[in-house]
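What follows is a set of notes on a single structure, which appears directly below.
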Amino acid sequence: MQPFAIAPSILSANFARLGEEVDNVLAAGADIVHFDVMDNHYVPNLTIGPMVCTALRKHGVTAPIDVHLMVSPVDRIIGDFLEAGATYITFHPEASQHIDRSLQLIKDGGAKCGLVFNPATSLDVLKYVMDKVDMILLMSVNPGFGGQKFIPGTLNKLREARSLIDASGRDIRLEIDGGVSATNIREIAEAGADTFVAGSAIFNQPDYKTVIDAMRAELAQ
Ligand code: DX5
Ligand code: ZN
């Protein structure tokens, strides 16, 4: 199992001063910057692209940037995110015509690759790419918006994914995304997650460190 990591989703940050928001949340103890890319096609919302990732790197962000692609098609945007300095690039299998090829494109570009599963999407496809993926991301809400409620059925799915990872013997991160807060983070960790995306739970509070400390305290129990 990978060490626990907290990955604030900048979807809920103040975009008018994004660099400062990312600096603040990292100074508050975040491990990874979760970067939600939405295209108003695969999901009904439109957010940020590779230029913003480049801007964060130029601003001086050295922490891992975890690019969650909610776009279709997938392949033509991968190269831009590789150049922009993404650390992880994940995509939804149903958004790619050729899943193995998309994963390989990411790996060949030197980033870590992963697949994202919506609440009702089966994990079956993993069977064929377990030797490639560095991250498995389970959505605990339907993708598109921050501030939604955690879907409890995801806990069983996390257990399923955790067994697949353990059986593979590989160091694959198991990330959870949607409705995560200090209140439910412990049961989510107990179900097998090691990487926790949280958007509204962190950015909607005035003091990011208080929230991140509370999450870590729950994880330490
Ligand atoms: C939803 C995004 C999430 C979102 C999570 O499609 O992938 O990363 O920002 O937001 P919260 O933590 O508010 O549910
Ligand atoms: Zn996300």
**Study point:** the chain, relative contact order in percent, only Cα pairs under 8 angstrom and at least six apart counted
**Key:** 21
Practice item. Rank 38, 135, 51 by mean-square fluctuation in a GNM of the chain with C-alpha springs under 10 angstrom and give only the top-ranked residue. Key: 51
Point to revise | Dipole magnitude of region 96-221, debye to nearest 20 (Cβ charges: Lys/Arg +1, Asp/Glu -1, about Cα centre) | key: 140
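What percent do you get for the relative contact order of region 1-111 when only Cα pairs under 8 Å and 6+ apart count?
Values: 165 pairs, mean separation 24.6, N = 111.
Dividing the mean separation by the residue count of region 1-111 yields 22 percent.
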Study note, to complete from the structure: Among 60, 79, 110, the residue with the largest mean-square fluctuation in a Gaussian network model of the chain built from Cα contacts under 10 Å is 60
Practice item. Run the dipole for the chain about the Cα centre, Lys and Arg Cβ at +1, Asp and Glu Cβ at -1, nothing else charged, and hand back the magnitude in debye, nearest 20. Key: 80
Practice item. With runs of 4+ DSSP H residues as the only contributors, calculate the mean residue ellipticity of the chain at 222 nm using -39,500 (n - 2.57) per run, divided by the residue total and rounded to the nearest 500. Key: -10000 deg cm²/dmol
Check your understanding: Of 44, 68, 84, which is farthest along the charge dipole of region 29-100 in the positive direction, counting Lys and Arg as +1 and Asp and Glu as -1 at C-beta?
Key -> 84
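Nothing charged except the Cβ atoms of Lys and Arg (+1) and of Asp and Glu (-1): what's the magnitude of the dipole of region 25-76 about its Cα centre? Round to the nearest 20 debye.
On the way: 3 positive and 5 negative charges, 44 e Å.
For region 25-76, the charge dipole is close to 220 debye.
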**Study point:** Gaussian network model of the chain, springs between alpha carbon atoms under 10 Å - residue of 162, 57, 17 with greatest fluctuation
**Key:** 17
Study note, to complete from the structure: Under 29 Å between C-alpha atoms, the lysine pairs in the chain lying 8 or more places apart or on different chains count 15
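Each reported figure results from applying straightforward, stated rules to the coordinates on display, with no laboratory input. Remember, predicted model here, so these are calculated numbers, not experimental data. Reconstructed Cβ throughout: ideal geometry from the backbone, glycine too, with neighbour counts over all protein chains shown.
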